[in-house]
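The structure appears below as structure tokens.
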Amino acid sequence: MASCLFCGPKLAACGIVISIWGVIMLAMLGIFFTTHSAVLIEDVPVTEEDMREDKTPPNNVYSLYNQVGFNCFIAAGIYVAVGLLSFCQIKLNKRNEYLVH
Amino acid sequence: MGALFRSEEVCLVQLFLQSGSAYNCVSELGELGLVEFRDLNTQVNSFQRKFISEVRRCEEMETTFAFLEQEIGRSLWPPLIGPLPVPSPAPFAPQPRELMAIEEESERLAWELREVSRNRDSLRSQLTLLSQYRGVLIQTHPLTASQAPPPPQSLETAALMDHRQDTRLCFVAGVVHPWKVPVFERLLWRACRGYIIVDFREMEQRLEVPETGEKVHWMVFLISFWGDQIGQKVKKICDCFHTHTFAYPEHTAEREEILIGLQNRIMDITTVLSQTEGYLQQLLARCVVALPRWKVSVAKCKAVQTVLNLCSPSVTDKCLIAEAWCPARKLLLLQSALIEGTRKSGSMVDSFYNRLPSPGSPPTLFTTNSFTSAFQSLVEAYGVAAYREINPAVFTIVTFPFLFAVMFGDVGHGLLMALAALWMIRQDTPKNIRSSNELWRLFYEGRFLILLMGLFSIYTGAIYNECFSKGLSLFPSGWHLQPMNWSDETLRGNQFLTLDPSVSGVFLGPYPFGIDPMWHLANNHLSFLNSYKMKMSVITGVLHMTFGVCLSFFNYSHRGQWSSVFLVLLPELLFLQSLFGYLLVLVVLKWLLFGPAASDTAPSILVHFINMFLMADSKDNTPLFSGQGQQHPLVTDTSSINTLHGDLERGEREEDEEVIEKFDAAEVFMEQAIHTIEFCLGCISNTASYLRLWALSLAHAQLSDVLWVMVMRISLSWQGMLGSVVLAVVFSLFALLTVSILLVMEGLSAFLHALRLHWVEFQHKFYSGTGYKLNPFSFSSIIDSL
């Protein structure tokens, strides 16, 4: 198990801070995208054709919104994994501290 | 109560310390950290003071302690992690007998350590030499063993050899430092061309160089030569290169004997060396245990003796007289400390104190806790308050985070800052309080300040409706598109369309809290915000400055300078209000009286204000209120008469009051005139200076917007499932840039500007900052510096 340690205490702490921030912020972004918030319109890759060739407006735009929202959720999931990894590293580092060198 | 609004009352006391109990009384006062002693012997040289021998003694002991600490650092194994521990509870200042015991024991320890170190070093060098000799013998054994035995002597050769004395083969064997080998070899060859044979072998074992202590592989060399003169040359060269040469017997049997002898000796020395090391470690362990307490005790003793040096002996020489500044409400504590000191020394006669009138201005003392000390240090960086002057730190607790937040307003960034501050507040372990990292200490001591800054930033961010540069639509927006009734062709043909609030149904009232999120999607977002933020900055500035001017009332009333209230304060207030207060009124009136329906025909305050000064009138600029045309001349005249009046009156008053002292009437008038001009011009420039609140908040908003557009938008607009991985990676970059640029850089910038606004625009109106701090004689500050 000792060989699983690949980063020091500070890097692991950074990792867990960014992971927590990433999970919360990306999850909220995902929620705001899936509820089609108007403020985020510029972040959605809407093109002219999407708006013109739409049979049932505005469902094209809505589906784009949903896509971006799902991307955000998946990214949040990636950060959950990174967070768990950092947490393990912190635990291993703490354990090494108590060992006699 | 009220200890932060004004500095505490400090009085000068004269202490009469009986000779027997003086040491104990001062040591009690040092434990309390109550008073600041004044030097009564300024005309006496430091070498001629009464207790100089005691101070010398303490200093010698400190030198011994320094030597002990050095030895601990050099030789202790396993080495100490971090500095020596601070003893707790801290020992009291030692009595003379204790001091003597400490002195004796520390000197004895130092002497023993020196002896043992010396022995150990000599043993080590002997061991090195013996090992080198052994190495030489072992390494050169294959060289000489393979040589053929010398030819048997015949008569002829013997006769020849009698004449020639230099035909026998001689050896010089030794070790040389490996780095010197090439030069050594070359020099030998050049000097003794052809008449010597040199062999180099590297030793297997690493041995240490005596001077530097590092371990190298010494090079064994064996020089075989014929002749005496060559021998002299070789020996000189060997000496030159600091080689160690050893006697090299020719016959194998002798060499074997010497080798065995060497082995035995090496074993003996190794045993002795290990025992010496063990003893050394024992001594060092004793040092480590005893040294912290000794250091603290001797530091306290030295501090007390230094203070006793400041006192002057009385005429009868029975007691020492000391003068000290003491806070007035702690006088009883002072008395009890003196009684305690007397009791500890077992003396019968009490020491007592006597209150004196203060010559000049006493020092300022503020009692702060860990929350208020950050704000107090912000104010004190500008200047320490004069005695009993109004302390701006009280108000800074709220105004500083507020002004910072106006420049920093963003919910997300404020939240991050507040969370970071909360984490720092939770880290109150002793290791963090006494950390040696200067930068960490700076941030740590300002943790409550940072927390307040973060919380206020969340508030202003909610008002500006910015969260990582995105708006939050918590309430439904007040703007509606449908009532505009735009046809499809209009929508398709134009890139930008204007929402007209005068059309009914488009604008249904202002947003309940903050700025409408619809503005983030508008093209004229900035021109709307600019107007709003500029007016807000001017309003904040005028209110802040008025508050500052009003605070000077308290200073004047405390000093009884009622004339100044009427001749300085009132004119200043009147000038400020008649110009900038009026501007404030105009701004607020325009906001109240003219709604979105009348937005086409609303008056321009700028034009009105300019006309007021130029005494002109613009026909097509509607007045804000009826009779505004008549008001303007009145306001302008008031302000100008006012300044002149204030100037003259003050000058005359100065003349009446200071009849006794020498003064120069012209100088006083000049000073007042300068002050008046400075105030008037200052008002205008200071009000304009508050516009930095607008400028920095605009910069912050734009920076965070750019960061979002250039970093996050790329990843959010990525098509397909790969977009999520790209998003995850780009988000860490976004996080890093947010923290480094927006939080650290912008935070420091806003901090600096808020500080400047406080120091120059606010404090200049009422604060002089010309005092000096009370620096109490306290053992805790001495121990902290150890």
_Residues located in the stretch B:738-763, provided they are within 14 Å of another protein chain (Cβ to nearest Cβ) and buried (at least 16 other Cβ atoms within 10 Å of the Cβ)_ = B:Thr738, B:Val739, B:Leu742, B:Leu743
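Okay, residues lined up against (1) touching a residue at least 40 places away in the same chain (Cβ under 8 Å); (2) of a type in the set (Val, Ile, Thr); (3) in contact with a His (Cβ under 7 Å, 6 or more places away or on another chain):
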{"residue": "B:Thr212", "(1), (2), (3)": "no, yes, no"}
{"residue": "B:Phe225", "(1), (2), (3)": "yes, no, no"}
{"residue": "B:Thr243", "(1), (2), (3)": "yes, yes, no"}
{"residue": "B:Tyr248", "(1), (2), (3)": "yes, no, no"}
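Do we find a residue being within 44 Å of the chain's Cα centre (by Cα) and open to solvent by 30 Å² or more (accessible area, probe 1.4 Å) anywhere in the stretch B:589-602?
Residues of the stretch B:589-602 that are within 44 Å of the chain's Cα centre (by Cα), as a first pass: none.
Checked against the condition, which is being within 44 Å of the chain's Cα centre (by Cα) and open to solvent by 30 Å² or more (accessible area, probe 1.4 Å), the stretch B:589-602 yields no hits at all.
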*Matching residues, the stretch A:1-50, being away from chain B (no Cβ under 13 Å) and hydroxyl-bearing (Ser, Thr, Tyr)*: A:Ser3, A:Thr34
*Applying the selection to the stretch B:311-357, what residues are modelled with pLDDT of 85 or more, open to solvent by less than 40 Å² (accessible area, probe 1.4 Å), touching a Phe, Trp or Tyr at 6+ places or on another chain (Cβ under 9 Å) and not small (Gly, Ala, Ser)?*
B:Cys311, B:Leu320, B:Ile321, B:Glu323, B:Trp325, B:Cys326, B:Leu331, B:Leu334, B:Leu338
_Count of the stretch B:358-375 residues which are under 20 Å from B:Pro401 (Cα atoms), touching an Asp or Glu at 6+ places or on another chain (Cβ under 8 Å) and open to solvent by less than 20 Å² (accessible area, probe 1.4 Å)_ = 1
_Regarding the stretch B:456-466, can at least one residue be identified that is away from chain A (no Cβ under 14 Å), under 19 Å from the mean Cα position of the chain (by Cα), open to solvent by less than 90 Å² (accessible area, probe 1.4 Å) and not polar (S, T, N, Q)?_
no
*Just checking, how many residues over the stretch B:448-485 are free of Cβ contacts under 8 Å to residues at least 40 places away in the same chain, of a type outside the set (S, T, N, Q) and more than 15 Å from B:Val398 (Cα to Cα)?*
8
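Give me a count of the residues in the stretch B:1-45 that are polar (S, T, N, Q), surrounded by fewer than 19 Cβ atoms within 10 Å (Cβ to Cβ) and either touching a helix residue (DSSP H, G or I) at 6+ places or on another chain (Cβ under 7 Å) or more than 27 Å from B:Ser358 (Cβ to Cβ) (or both).
Residues in the stretch B:1-45 being polar (S, T, N, Q), surrounded by fewer than 19 Cβ atoms within 10 Å (Cβ to Cβ) and either touching a helix residue (DSSP H, G or I) at 6+ places or on another chain (Cβ under 7 Å) or more than 27 Å from B:Ser358 (Cβ to Cβ) (or both): 3 in total.
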*Considering only residues of the stretch B:509-529 that are part of a helix (DSSP H, G or I) and either modelled with pLDDT of 95 or more or in contact with a strand residue (DSSP E or B) (Cβ under 8 Å, 6 or more places away or on another chain) (or both), which is nearest to B:Tyr767 (Cα to Cα)?*
B:His520
*Look through B:Arg74, B:Arg97 and report the one residue that is within 22 Å of B:Val288 (Cα to Cα) and either without any contact (Cβ under 8 Å) to a residue 12 or more places away in the chain or not acidic (Asp, Glu) (or both).*
B:Arg74
_Tally, over the stretch B:687-712, of residues that are open to solvent by 50 Å² or more (accessible area, probe 1.4 Å) and facing chain A (nearest Cβ under 9 Å)_ = 1
*asked:* What pairs come out if I take residues in the stretch B:372-383 that are under 15 Å from B:Ser7 (Cβ atoms) and pair them with residues that are open to solvent by 40 Å² or more (accessible area, probe 1.4 Å) whose C-beta lies under 7 Å away, six or more apart or interchain?
replied: B:Gln376/B:Thr368; B:Gly383/B:Thr770
_Considering only residues that are in contact (Cβ under 8 Å) with a residue 40 or more places away in the chain and more than 14 Å from every other protein chain (Cβ to nearest Cβ), which ones fall in the stretch B:505-525?_
B:Phe507, B:Phe513
*asked:* For the stretch B:308-319: of the residues being hydrophobic (A, V, I, L, M, F, W, C) and over 11 Å from B:Lys50 (Cα atoms), which is farthest from the chain's Cα centre (by Cα)?
replied: B:Val315
_What's the number of the only condition in (1) out of contact with any strand residue (DSSP E or B) (no Cβ under 9 Å at 6 or more places or on another chain); (2) of a type in the set (A, V, I, L, M); (3) touching a residue at least 24 places away in the same chain (Cβ under 8 Å); (4) open to solvent by less than 20 Å² (accessible area, probe 1.4 Å) that B:Leu774 fails to meet?_
(1)
*From the residues in the stretch B:700-744 that are touching a helix residue (DSSP H, G or I) at 6+ places or on another chain (Cβ under 7 Å) and not in a helix (DSSP H, G or I), which one is farthest from A:Ile41 (Cα to Cα)?*
B:Trp718
_Positions within the stretch A:49-61 being open to solvent by 90 Å² or more (accessible area, probe 1.4 Å) and within 25 Å of the chain's Cα centre (by Cα), in sequence order_ = none
*So is A:Ala75 within 11 Å of chain B (Cβ to nearest Cβ), within 21 Å of B:Leu736 (Cβ to Cβ), touching a residue at least 12 places away in the same chain (Cβ under 8 Å) and surrounded by fewer than 17 Cβ atoms within 10 Å (Cβ to Cβ) or not?*
no
*Among the residues of the stretch B:3-24, is any out of contact with any strand residue (DSSP E or B) (no Cβ under 8 Å at 6 or more places or on another chain), in a loop (DSSP other than H, G, I, E, B) and more than 22 Å from B:Ala299 (Cα to Cα)?*
yes
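For a quick check of your reading: which strands (runs of 3 or more DSSP E) sit entirely within the stretch B:162-230 and have at least 2 residues that are of a type outside the set (A, V, I, L, M, F, W, C)? I'd like the intermediate steps shown before the answer.
Details: elements: B:169-176, B:196-202, B:219-226.
Output list reads B:196-202.
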*Would you check if there is a residue in the stretch B:486-499 being touching a residue at least 60 places away in the same chain (Cβ under 8 Å), under 27 Å from B:Lys470 (Cβ atoms) and away from chain A (no Cβ under 12 Å)?*
no
_Residue count, the stretch B:713-724 (criterion: within 7 Å of chain A (Cβ to nearest Cβ) and either modelled with pLDDT of 85 or more or more than 15 Å from A:Val68 (Cα to Cα) (or both))_ = 3
_Only one of B:Glu54, B:Glu71, B:Glu98 that is acidic (Asp, Glu) and within 32 Å of the chain's Cα centre (by Cα)_ = B:Glu71
*Keeping to the stretch B:551-574, report how many residues are open to solvent by 40 Å² or more (accessible area, probe 1.4 Å), over 19 Å from B:Glu678 (Cβ atoms) and in a helix (DSSP H, G or I).*
6
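The values are calculated or read from the model by the stated rules, or taken from the named source; none is laboratory data. The structure displayed is predicted, hence computed values, not measured ones. Cβ: placed from backbone, ideal geometry, glycine included. Neighbour counts: every protein chain shown. Accessible surface areas use protein heavy atoms only, side chains included; no ligands, DNA or RNA. Shrake-Rupley method; radii C 1.70, N 1.55, O 1.52, S 1.80 Å.
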